[in-house]
Amino acid sequence: MRIGIILDWMNPNIERAVHLLSERGVKLDLMHPEKQLISLSRVRVENDLYLLKSGSDLALSLGGALHALG
């Protein structure tokens, strides 16, 4: 399983969850919209599940684009 986590910073709970999921074989894609250039026109669904852990405008836009793609 692949999980994409859209976040603005890593709090201790997220760090622990990432560690536990990785130990269980889950492939994680940590996405920081504020720190990386993401073209919404080129966004593709690449994970089985996306977890939105940021309420920033950029993160919400990315989440909306992924939602629109299904």
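Kindly provide the set of residues from the stretch 31-51 that are in a loop (DSSP other than H, G, I, E, B), surrounded by fewer than 11 Cβ atoms within 10 Å (Cβ to Cβ) and in contact (Cβ under 8 Å) with a residue 24 or more places away in the chain, ordered by number.
Arg44, Glu46
When only residues in the stretch 5-24 that are of a type in the set (A, V, I, L, M, F, W, C) and surrounded by 11 or more Cβ atoms within 10 Å (Cβ to Cβ) count, which is farthest from Asn47 (Cα to Cα)?
Here the residue is Met10.
Would you check if Ser54 is closer than 18 Å to Gly70 by Cα and either surrounded by 13 or more Cβ atoms within 10 Å (Cβ to Cβ) or at pLDDT below 95 (or both)?
When the stated conditions are applied, Ser54 does not pass them.
Within the stretch 56-69, does at least one residue satisfy the condition of being touching an Asp or Glu at 6+ places or on another chain (Cβ under 8 Å) and part of a loop (DSSP other than H, G, I, E, B)?
Yes - at least one qualifying residue is present in the stretch 56-69.
The values are calculated or read from the model by the stated rules, or taken from the named source; none is laboratory data. As the structure is a computational prediction, the values presented were derived from the model and not from experiment. All Cβ positions, glycine included, derive from the backbone under ideal geometry; neighbour counts span all protein chains shown.
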